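The values are calculated or read from the model by the stated rules, or taken from the named source; none is laboratory data. The structure displayed is predicted, hence computed values, not measured ones. Cβ atoms come from the backbone with ideal geometry, glycine included; neighbour counts cover every protein chain shown. Heavy atoms of the whole protein, side chains included, go into the accessibility calculation; ligands, DNA and RNA do not. Shrake-Rupley method; radii C 1.70, N 1.55, O 1.52, S 1.80 Å.
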Amino acid sequence: MRIAVIKETECEAPDNCNYICAEVCPRVRQGAKETVYARENGKAAITESLCISCGICVKRCPFDAIRIINLPDEMAKDITFQYGINSFRTFNIATPIENKVVGLIGRNGIGKTTNIKLISNELIPNFGDLKKEPSSEEVIKAFRGKEIQPYLTKLYSNNLIIATKTQSFSQSGKVRDLVGANRFNLVSKDILDRDAETLSGGEAQIVEIAKTLDKEADVYIFDEPMNYLDINTRIKVATKIKEALENKTVVVVEHDLVMLDYLTEYIQILYGSESNYGIASHIMPSRNGINTYLDGYLQTENVRFRDYSIKIKKTLPPVTNEQFISWPEFVVKLDNFSLDTKSGKLYKGDIIGVIGENGIGKSTFIKALAGIIETSIGKLDLGIKISYKPQILKPFDMIVSDTLLNTNPQYESDLGIVSAINKFGINKIMTKNVITLSGGELQKLAIVTTLMKPADIYLIDEPSANLDIEDRLECMNIISSFISSRKKCAIIVDHDLAFLDSTCPKSILFNGKKGVKGMTDQIEGTGKAINNFLKSIDVTIRRDKDSGRPRINQKGSRLDLEQKASNIYFAE
């Protein structure tokens, strides 16, 4: 089976290209002109059954818009949905389990949101036939004997009410009117009378989750519910979802492995080729499913979907004991909020995590270190070069390749930066305008351009936001390798515990009252900082015996009680 994908947004025929893909195609030159042709909108198209997979058009396309992929012929029977000519398609289908929580895990652009639309009846399977949409009866018949068939029978008979929290959201009006009864008390009373347009990302996320939970439904779908939420709120939201929907059918898409493991009972892996095709695996118990995803090998299907295993490994101590950077005690006052900070010092090679709830000054702290805002002792000048990545990223009108050159004209001679660009896939989006980038692409570009700037300390605010699991783990390796090899320093604010645990040997714990007052603890080992934080919210975490990844204990379980008795809230 052959897949030809032409990305319409990148194909610039006929305006800036005279169909060079057709000119170089051997089949067209032999007379089979329908092998590569112009579709109605002027974009190029390839007839997959005529393509010989020579790859010439892929190499010669000046806009890198073509992909030719060969798959086993038997997969043709498993195609579930295709968007259009030479476009993304999915194989198999996500499968909700009655009264259980199923998690979907996979890279961005692999079909998770498409599968959500299929199981919520926003899309109906077309099995790759772009000329005819099958009836619901034909779809049910096509899935006869499979686990999904009873679900689809109920879905198409209008016997299922579905409540969906989408990945992106736009809100208008008073929060009070949006959340209705707010019967699970997720939304703080402090924001009920505010206009939705004024909410932070975390506040808006909570409103969307509350709206979804407030609906009376049979099936609840949550697409990336943990984005923008701090660690404490993630655990509270996950616990509330588990309690409120105990006897409901639930599907969750999430990139935070700790939260995904805590929320779900079963896992379905989606794998394939980003933006080209996605395949839904069989269903597995959550622990096995997540470990299988990290391993990259589906034993039951005998499929290796990644040529390497992902290892969750602890970081090494700082590479030197040479003091490098220090700052004094200071206070920051912003409107009705104040932040009290202790003095601190960093050594060459230090990577420091910043842990704590939203609204207690974490971003304010690194802005103060960067000299962006006033403190009680004026704007700080640490006497060093600083590179800063903000939490909120704003797209701008510039081609990606030009952005890299403007940041550092000599970057191509830096093997470490070139390696990061390739590992993050930025080399594949060089011709794109930054305005058109996805949230994940924009985040990766921001991380790389931050590291490209000559600096002594790198201040990085929420680097894992909008990144899928593999990119988060790649980000850990890139930052760790960059800082340690160059004997620089970094301070990282993030809410993904696995990310902080694996990237930062040391951390600063922030305490206080949201929106009122924040206070910093002394710099200490990350394990101790996380332990103290988890103790304050009465949650314990163990280590998976095979993968080493952190896993939240069920409250009141044997392990939970044993760890609390030993004052081990975070097992290292």
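What to note about this one:
- Length released on extending from SER53 to PHE184, taking residue separation times 0.36 nm less the Cα-Cα span: 41.6 nm
- Heavy atoms of ILE235: accessible area, 1.4 Å probe, square angstrom to 10: 10
- With θ taken as phi - 60° and the Karplus curve 6.51 cos²θ - 1.76 cosθ + 1.60 applied, the whole-hertz 3J(HN,Hα) list for the stretch 261-266 is 5, 5, 7, 9, 10, 9 Hz, x standing for glycine and proline.
- Hydrodynamic radius (Kirkwood) for the stretch 320-437, which is based on Cα pairs only, to one decimal in Å: 17.2
- Probe 1.4 Å - accessible area at VAL354, Å² to nearest ten: 0
- Over the Cα atoms of the stretch 2-70, the radius of gyration divided by the Kirkwood radius equals 0.91; this is the Rg/Rh ratio.
- Accessible carbon and sulfur surface of the stretch 2-70 relative to its total accessible area, %, 1.4 Å: 48
- Of all accessible heavy-atom area on the stretch 323-517, the percent that carbon and sulfur account for (1.4 Å): 49
- For TYR262, the solvent-accessible surface computed with a 1.4 Å probe is close to 20 Å², ligands and nucleic acids excluded.
- Across q = 0.11 Å⁻¹, the chain modelled as identical point scatterers on its alpha-carbon atoms has Debye log10 I(q)/I(0) values of -1.13, in the order of the q list.
- Listed peptides 273-281, 340-348, 555-563 by packing density, highest first (mean Cβ within 10 Å): 273-281, 340-348, 555-563
- Ranked by solvent-accessible area (1.4 Å probe, protein heavy atoms only, all chains present), the residues LEU260, LEU160 order from largest to smallest as LEU160, LEU260.
- Mean-position separation - Cα centroids, the stretch 422-489 and the stretch 170-212, in angstrom: 32
- By the Cβ-Cβ criterion of under 4.7 Å, the unpaired cysteines of the chain are CYS11, CYS17, CYS25, CYS51, CYS54, CYS61, CYS475, CYS489, CYS504.
- Kirkwood Rh, angstrom, the stretch 152-234 [1 / mean 1/r, Cα pairs]: 13.6
- Cα-only Debye scattering, the stretch 323-517: base-10 log of I(q)/I(0) at q = 0.11 Å⁻¹: -0.50
- Translational diffusion of the stretch 227-308, estimated by Stokes-Einstein from the Kirkwood radius over alpha carbon pairs at 37 °C in a medium of 0.692 mPa s, is 233 µm² per second.
- Partners of LYS487 within straight-line reach, counting aspartates and glutamates whose Cα lies under 16 Å from its Cα and excluding those fewer than 8 residues away in the same chain: GLU322, ASP350, ASP414, ASP456.
- Shown here is the pair-distance distribution of the stretch 1-144: with all Cα-Cα distances grouped in 5 Å bins from zero up to the longest one, the shares run 2, 9, 17, 19, 17, 14, 10, 7, 4, 1, 1, 0 percent.
- Computed from the alpha carbon positions, the gyration tensor of the stretch 69-214 leads to an equivalent ellipsoid with semi-axes of 36, 18, 13 Å, biggest first.
- Cα principal axis extents for the stretch 418-544, largest first, Å: 48, 37, 31
- Per residue, the chain exposes an accessible area of 44 Å² to a 1.4 Å probe, with every protein chain left in place.
- Cα-derived Rg over Rh, computed across the stretch 485-560 with Rh taken as Kirkwood radius: 1.01
- Accessible surface comparison of LYS236, LYS117, probe 1.4 Å, protein chains only, largest first: the order is LYS236, LYS117.
- Set against the 2.2 N^0.38 Å expectation for a compact globular protein, the stretch 50-128 has a Cα radius of gyration ratio of 1.34.
- Order of exposure, largest accessible area first, which applies to MET1, MET476 with probe 1.4 Å: MET1, MET476
- Subset of LYS311/LYS428; LYS348/LYS453; LYS236/LYS513 violating a 19 Å alpha-carbon distance limit: LYS311/LYS428
- Here the sum of -39500 (n - 2.57) over DSSP H runs of 4 or more residues, divided by the residues of the chain, equals -8500 deg cm²/dmol at 222 nm, to the nearest 500.
- Within straight-line cross-link reach of LYS141, lysines at Cα separation under 23 Å, skipping those fewer than 8 residues along the same chain: LYS77, LYS117, LYS131, LYS132, LYS154
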